[in-house]
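Trainee: Sharing a structure with you now.
Every number here is computed from the coordinates shown, using simple stated rules; none is lab data. What you are looking at is a predicted structure, and each value in this text was computed from that prediction instead of being measured. Please note: Cβ atoms are built from the backbone with ideal geometry, for glycine as well, and neighbour counts cover all protein chains shown.
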Ligand SMILES: *[C@@H]1O[C@H](CO)[C@@H](O)[C@H](O)[C@H]1NC(C)=O
């Protein structure tokens with residue numbers, strides 16, 4: 001236990017350095033980042049909260065033996081029945097593939113995991129991971145290729161995040177009880193510190209106070225426009241490619257968990 005906290009501290013310090021670098025993005029907007037340490041892990045968050053928009057980050061994951069670690073990039077609201085949109089990168093032993101898990105929480109409830117392998121080694125170079133979130137859909141992109149679409153299926157009785165501003169978070173922590181091969185592979189602390197590098201954050205969102213439930217410019221920004229309300233043909237085709245070649249788990253097709261597939265799965269073209 002003692003050695004765990006020692007190592008997570010040095011991991012924390014390195015993350016602090018990475019966060020400081022990221023605090024000065026070259027792009028137009030100046031962003032402020034808080035660095036927060038929590039539990040056996042570390043991370044940072046955006047100062048502002050946002051209701052809809054486009055959120056992206058350039059990220060290079062922990063290289064070498066990263067088994068047991070999880071690096072995450074996510075949006076989350078602050079309340080008890082919270083909404084959340086997650087990218088989680090599950091580390092692995094040297095040379096073994098990372099898993100990218102995505103999830104969406106609405107009203108405090110998640111249980112919508114999807115898992116894919118990536119078509120490149122995410123520890124070698126920086127890649128762009130982004131989220132488009134508007135009233136019509138949530139889309140997860142890897143280097144501009146859609147890997148998941150979660151359409152607003154309110155009409156089918158499925159909750160959709162629409163009235164709780166979210167902050168952007170990034171973190172790195174130890175999750176060797178579940179992350180790698182379902183928890184069989186433990187974190188090798190002799191390989192610490194574990195470093196994930198961040199650069200070039202970009203947020204183009206409607207900034208709202210934490211307690212707001214609507215944004216001034218709602219419906220008027222670029223991400224609200226027709227062409228962002230659905231994927232186009234080409235994007236659906238790319239998504240099909242990801243699903244057929246790289247998907248290793250999809251809650252939509254997990255019949256043990258969901259004997260009747262959740263209603264949004266059909267609309268999201270997961271089934
Ligand atoms: C790690 O590697 C093993 C063996 O190749 C694989 O089964 C597993 O899906 C990989 N990823 C994770 C996060 O467990």
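Trainee: Give me the extension gain from residue 145 to residue 222: residue separation times 0.36 nm, minus the current Cα-Cα distance, reported in nm with one decimal.
Mentor: So the extension gain works out to 25.8 nm.
Trainee: Using Cβ counts within 10 Å as a stand-in for footprinting exposure, how do 139, 210 rank, fewest first?
Mentor: 210, 139
Trainee: Just grab the label-to-label distance for residue 124 and residue 245, each label 7 Å out from Cα along the Cβ direction, in nm (one decimal).
Mentor: Placing both labels 7 Å along Cα→Cβ, they lie 1.5 nm apart.
Trainee: As an exercise, use a Förster radius of 22 Å and the Cβ-Cβ distance of residue 233 and residue 113 to find the FRET efficiency, rounded to the nearest 0.05.
Mentor: 0.20
Trainee: In what sequence do 84, 264, 113 fall when counting other Cβ within 10 Å, fewest first?
Mentor: The fewest-first ordering by Cβ neighbours comes to 113, 84, 264.
Trainee: I'd like the distance separating the alpha-carbon centroids of the range 62-128 and the range 161-196, in whole Å.
Mentor: 7
Trainee: Can you sort 172, 132 by how many other beta carbons sit within 10 Å, fewest first?
Mentor: 132, 172
Trainee: I need the shape label for the range 163-212. Rule: rounded when a/c is under 1.5, else prolate if a/b > b/c, else oblate, with a, b, c from the alpha carbon gyration tensor.
Mentor: Here the range 163-212 falls in the prolate category.
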